[in-house]
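**Q** Have a look at this one before I ask anything.
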Amino acid sequence: MGSKTPDDERHMYQDRDSPFTAKSSGIGGEKRGAHLSRDGDGCMAGDGGTNDDDDDDDEEAAKATAALGFVSVGSADASKKKKRKRPKRKNKAAVLKQSSPPKVALADLFPSGEYPEGEKLSYGSAFGTTARVTAPELRRGGHRPLEDSTVLNDYRKAAEVHRQVRQWVQQTVKPGQTLTEIATGIEDSVRALLGNPGLEPGESLKAGLGFPTGLALNNCVAHYTPNPGQKDIVLQHEDVMKVDFGVHINGWIVDSAFTMSFDPTYDNLLAAVRDATNTGIKNAGIDVRISDVSAAIQEAMESYEVEIRGKLFPVKPVRDLCGHDIKRYRIHGEKTIPFVKNSNQTKMEEGEVFAIETFGSTGRGVTRTGDGIYGYGLSYDTPRQVSLPLNSANRLYKTIKENFGTIVFCRRYLDRLGCDRYLAGLNCLVSNGILEPHQPLMDIPGSYSAQFEHTILLRESHKEVISRASTTNPRYDGNGQVCDKCRFNTALCKIGLDKTAWEMVSTPREASMAWALRTGYGFNTPIMATTSTGQVSTPSPIVHFIAGSRYTYPAHYPTFFVALYDTTILYFVPRT
């Protein structure tokens with residue numbers, strides 16, 4: 001969830017001239033959309049099913065007897081009777097498999113109660129010699145939450161829920177769906193995987209959504225969610241959609257976002273923002289100055305351009321939005337990470353949690369507030385009880401405290417709890433400074449923007465990208481077996497792909513579908529690649545890594561890689 005740059009810092013990053021005082025320029029007149037960003041982080045449980053190998057022993061014995069030419073007394077009449085077949089027994093030990101949409105609770109997929117760790121990254125060679133806060137100074141009283149096994153497991157469970165839901169979104173969301181349908185699908189899936197519907201007081205504080213699902217289209221950079229009373233928006237083929245949602249368990253929030261589109265026009269826009277986010281993750285670490293991370297992010301993003309109808313537009317970082325640290329039950333902490341160079345000498349510290357996110361735009365790179373309200377959040381210093389002129393405001397305040405606390409919520413959540421006639425109470429709470437409203441953030445009309453985000457934990461010996469699957473440790477299915485997808489992850493090194501940038505998809509169909517959606521070609525269009533052993537037909541690859549050689553088709557659509565490794569064809573897509 002994007003954080004607005006504080007007012008006292010915003011002047012450092014903005015241009016002197018306001019982008020909204022003059023008429024809108026022609027910037028961003030592009031044909032909307034970019035490629036379908038595949039994630040591949042979510043590793044579903046192993047395939048289950050029935051055991052179809054159980055044969056009827058009596059039937060097999062009868063066949064064997066007939067083959068030997070023996071006929072028993074009375075068998076002539078008996079053979080005319082229809083043989084009654086026993087129903088095949090289902091394998092009781094069948095491994096559970098995640099459904100689509102995701103509805104199987106994560107506790108059933110991981111019966112051990114231990115959840116996969118995130119991607120581990122080192123702090124670099126300078127880490128060992130860098131002076132940093134010692135353990136006694138780390139936290140008052142010496143408590144270190146990120147080294148607590150219970151806290152880590154809560155984080156990892158929330159991250160696995162996020163991965164499985166976003167993988168489903170990336171595979172199934174398509175033009176023609178309404179934003180309300182997409183948002184409710186995401187939120188219902190999160191609640192189902194957590195095994196917590198969140199309808200009773202206090203349930204949503206144990207586990208649930210970290211904030212309302214953001215579905216910002218095109219020049220809406222951030223903070224839009226469909227709410228009651230608004231005209232429902234239908235996703236179009238030309239749209240660029242930022243999908244931003246959070247999952248929390250016991251207040252430990254995992255915040256991750258990605259961008260989806262169905263038109264290859266904006267491949268470079270998405271590539272720029274993805275690269276900037278990965279650069280931010282790479283440079284983040286204990287005792288690293290936030291200004292250094294910001295400078296690296298800006299340099300990465302501004303190295304890209306987008307061609308729109310024959311005209312080149314630079315990809316600009318959005319100057320008044322920031323990454324941020326995350327506190328328990330607070331999606332926006334105290335520290336911010338701008339996307340442009342600055343003089344902030346604040347350092348990242350051990351034990352902190354950061355949402356490393358970046359926004360890039362083809363517009364001016366500065367936002368203004370749009371119409372409507374995205375969501376509301378209780379101020380952090382609100383009293384336990386309030387006495388306001390409106391009884392509806394007092395009742396609503398009690399409901400908010402019991403169900404959301406300081407977690408940001410939206411009107412759609414109040415409707416789900418059965419609240420009615422609450423608008424006057426909402427306005428009263430806002431006007432008295434008890435609730436903080438969050439409005440949509442817009443760039444100039446006609447522009448397009450993208451967002452990518454991951455949550456990282458700054459642990460004592462390494463940083464853990466908690467919202468990303470580990471690339472070094474195997475992922476396990478519900479039966480304790482190593483997933484087939486992860487069995488081949490070691491091939492990444494031998495092929496020469498960057499493990500932090502690429503993830504393998506399970507089937508050729510997935511790779512073919514990704515390419516077809518992005519280019520308009522049909523599914524399973526064969527393209528031939530020649531190796532030393534002959535020709536290998538693969539479904540719609542853009543780039544082949546075959547026997548150590550590289551072939552591109554076409555060169556400017558690096559959608560996914562195909563590799564022939566130990567006689568097995570592997571398919572890789574960019575990671576978010």
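The values are calculated or read from the model by the stated rules, or taken from the named source; none is laboratory data. Bear in mind that the values here come from a model prediction, so they are computed numbers and not experimental data. So basically every Cβ, Gly included, is an ideal-geometry build from the backbone, and we count neighbours across all protein chains shown. Side chains included, ligands, DNA and RNA excluded: accessible areas come from the protein's heavy atoms. Shrake-Rupley method; radii C 1.70, N 1.55, O 1.52, S 1.80 Å.
**Q** On the protein heavy atoms, probe 1.4 angstrom, tell me the percent of accessible surface of the range 192-301 carried by carbon and sulfur.
**A** Of all accessible area on the range 192-301, carbon and sulfur atoms account for 50 percent.
**Q** Among residues other than Ile434 whose Cβ falls under 13 Å from its Cβ, what is the net charge (Lys/Arg +1, Asp/Glu -1)?
**A** After counting each charged neighbour, the total is +1.
**Q** Here's something else I'd like to know. With +1 on the Cβ of every Lys and Arg and -1 on the Cβ of every Asp and Glu, and nothing else charged, how large is the dipole of the range 294-430 about its Cα centre, in debye rounded to the nearest 20?
**A** Roughly 540 debye for the range 294-430.
**Q** Relative contact order (percent) for the range 212-358, with alpha-carbon contacts under 8 angstrom and 6 or more residues of separation?
**A** RCO, the range 212-358: 21 percent.
**Q** Loop-only check: which trypsin sites (Lys or Arg not before Pro) in the range 275-310 are DSSP coil with at most 15 other Cβ within 10 angstrom?
**A** Listed in order of number, the matching sites are Arg309.
**Q** Let me know the shape class of the range 206-299, please: from the alpha-carbon gyration tensor, a ≥ b ≥ c as square roots of the eigenvalues, rounded when a/c is under 1.5, otherwise prolate if a/b is greater than b/c, or oblate.
**A** It comes out oblate by the Cα gyration axes.
**Q** Taking only protein heavy atoms into account and a 1.4 Å probe, give the accessible area per residue of the range 229-311 in Å².
**A** 34 Å²
**Q** Please give me the summed charge of the neighbours of Ala257: other residues whose Cβ is under 10 Å from its Cβ, Lys and Arg +1, Asp and Glu -1.
**A** -2
**Q** Compare Ser99, Ser189 by solvent-accessible area with a 1.4 Å probe and give them largest first, with all protein chains kept in place.
**A** Ser99, Ser189
**Q** If I histogram all Cα-Cα distances within the range 211-250 using bins 10 Å wide from 0, what percent of pairs lands in each bin?
**A** Per 10 Å bin, starting at 0, the Cα pair percentages come out as 28, 50, 18, 4.
**Q** Determine the per residue accessible area of the range 375-478 with all protein chains present and a 1.4 angstrom probe, expressed in square angstrom.
**A** 41 Å²
**Q** Could you give the nm distance between label points at Thr399 and Leu312, where each point is 7 Å from its Cα heading toward the beta carbon?
**A** For the pair Thr399/Leu312, the computed spacing is 5.5 nm.
**Q** OK, next. Taking the Cα atoms of the range 313-364 alone, what are Rg (to one decimal) and Dmax (as a whole number) in Å?
**A** Values for the range 313-364 (Cα only, Rg and Dmax): 12.7, 40 Å.
**Q** Can you sort Leu423, Leu457 by 1.4 Å-probe accessible area, starting with the largest?
**A** Leu423, Leu457
**Q** Largest first, what is the accessible-area ranking of Glu307, Glu299 with a 1.4 Å probe?
**A** These residues rank, largest area first, as Glu299, Glu307.
**Q** Between Glu334 and Thr178, what length in nm is gained on full extension when 0.36 nm per residue of separation is reduced by their alpha carbon distance?
**A** Here the segment from Glu334 to Thr178 would lengthen by 52.6 nm.
**Q** Of all the accessible heavy-atom surface of the range 303-450, with the other protein chains kept in place and a 1.4 Å probe, what percent is carbon and sulfur?
**A** Of all accessible area on the range 303-450, carbon and sulfur atoms account for 45 percent.
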